[in-house]
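A.B. asks: Dropping the structure in here first, questions after.
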Amino acid sequence: MERKPRILFIEDDPNLAFVIKDNLIENGYKVDHFDNGEDGENAFFAKQYDLCLFDIMLPKKDGFSVAETIRKKDQKTPIIFLSAKEQQEDKNFGLRIGADDYITKPFDFDELLLRVQNQIKRTMSNINQGTMLRIGNYALNVADLELDLNGTKTKLTKKEAGLLQYLHQHLNQTLKRDDILMKIWGDDDYFVGRSMDVFITKLRKYLKDDPRIEIVNIHGVGFKLLIKES
């Protein structure tokens, strides 16, 4: 089953929030709604999101400040501002601090939906082209051999990155030990197999900060990468 994109939505108007959230869910998205910037920001760093949709004038922490905090550690997740602040200088500031789009209230929901779809499609296209893989809260850059968790990057070896990519390509599927060895090492003898066990241990260590991720040892068969829904 294809994973539904998850949206972080911060809006303090309860009526507007209900309408937007309900319509986004109807169109196939998962939506986490918060009515203040502080709780929304905390949620961003606790979960994996495919898009952020923020009001600007929010209790506790305004949308601009939330976006600036996010952009210090995450340059990839699309951010759309949804605001009654329609002055050009506000739009320019929002885009300058890293927003991907800016929609002024009142707005047509079909237009909002199209903008959301376009931003997520662009992000998913980059992932599908292999420039980046989302693995729980992590981003794996296969080309640069980097595993990124909210801006904290871990350098991988080519085999570590290749092994993690191969497990992710077969998410929730059991991969036989011999198949993994031939794919990544090009050999399936005993000593190479012992080396693979060491690599699996390293990957588990790298991924330990997201408790939803698990590399399961299927005894006598192989391994399976699992990512639990939060």
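The values are calculated or read from the model by the stated rules, or taken from the named source; none is laboratory data. Bear in mind the structure is a predicted one, so any value in this text is a computation, not a measurement. Cβ sites come from the backbone with ideal geometry, for glycine too, and all protein chains shown count toward neighbours.
A.B. asks: Taking region 135-144 as the search range and keeping residues that are surrounded by 16 or more Cβ atoms within 10 Å (Cβ to Cβ) and not aromatic (Phe, Trp, Tyr), which one is farthest from GLU68 (Cα to Cα)?
C.D. replies: Per the stated criteria, the residue is VAL142.
A.B. asks: Please give the number of the condition GLY28 fails out of (1) without any contact (Cβ under 8 Å) to a residue 40 or more places away in the chain; (2) under 30 Å from GLN173 (Cα atoms); (3) buried (at least 18 other Cβ atoms within 10 Å of the Cβ).
C.D. replies: (3)
A.B. asks: Criterion first (modelled with pLDDT under 85 and not in a helix (DSSP H, G or I)) does ASP144 satisfy it?
C.D. replies: Taking the combined requirement at face value, the residue satisfies it.
A.B. asks: Ok, one more. Report yes if some residue within region 197-205 is over 24 Å from GLU229 (Cα atoms), free of Cβ contacts under 8 Å to residues at least 12 places away in the same chain and not assigned by TED's automatic domain parsing to the domain that holds LYS76; otherwise report no.
C.D. replies: yes
A.B. asks: Of (1) within 25 Å of TYR49 (Cβ to Cβ); (2) modelled with pLDDT under 85, ARG134 satisfies all except one. Which?
C.D. replies: Unmet condition: (2).
A.B. asks: Next up: Under the condition of being assigned to a loop (DSSP other than H, G, I, E, B) and of a type in the set (Asp, Glu), which residue from region 59-84 is nearest to GLY151 (Cα to Cα)?
C.D. replies: Selected residue: ASP74.
A.B. asks: Now, a different point. Looking at (1) under 22 Å from the mean Cα position of the chain (by Cα); (2) of a type in the set (A, V, I, L, M, F, W, C); (3) not in a helix (DSSP H, G or I), which one does ILE56 not meet, given that it meets all the others?
C.D. replies: The failed condition is (1).
A.B. asks: Is it true that some residue in region 47-55 is of a type outside the set (Lys, Arg) and without any contact (Cβ under 8 Å) to a residue 40 or more places away in the chain?
C.D. replies: Scanning region 47-55 turns up no residue that is of a type outside the set (Lys, Arg) and without any contact (Cβ under 8 Å) to a residue 40 or more places away in the chain.
A.B. asks: How many of the residues in region 57-76 are at pLDDT below 85 and in contact with a Phe, Trp or Tyr (Cβ under 9 Å, 6 or more places away or on another chain)?
C.D. replies: 2
A.B. asks: Can you find, within region 182-228, the residue that is modelled with the highest pLDDT among those that are out of contact with any strand residue (DSSP E or B) (no Cβ under 9 Å at 6 or more places or on another chain) and assigned to a loop (DSSP other than H, G, I, E, B)?
C.D. replies: Looking at residues that are out of contact with any strand residue (DSSP E or B) (no Cβ under 9 Å at 6 or more places or on another chain) and assigned to a loop (DSSP other than H, G, I, E, B), I get LYS208.
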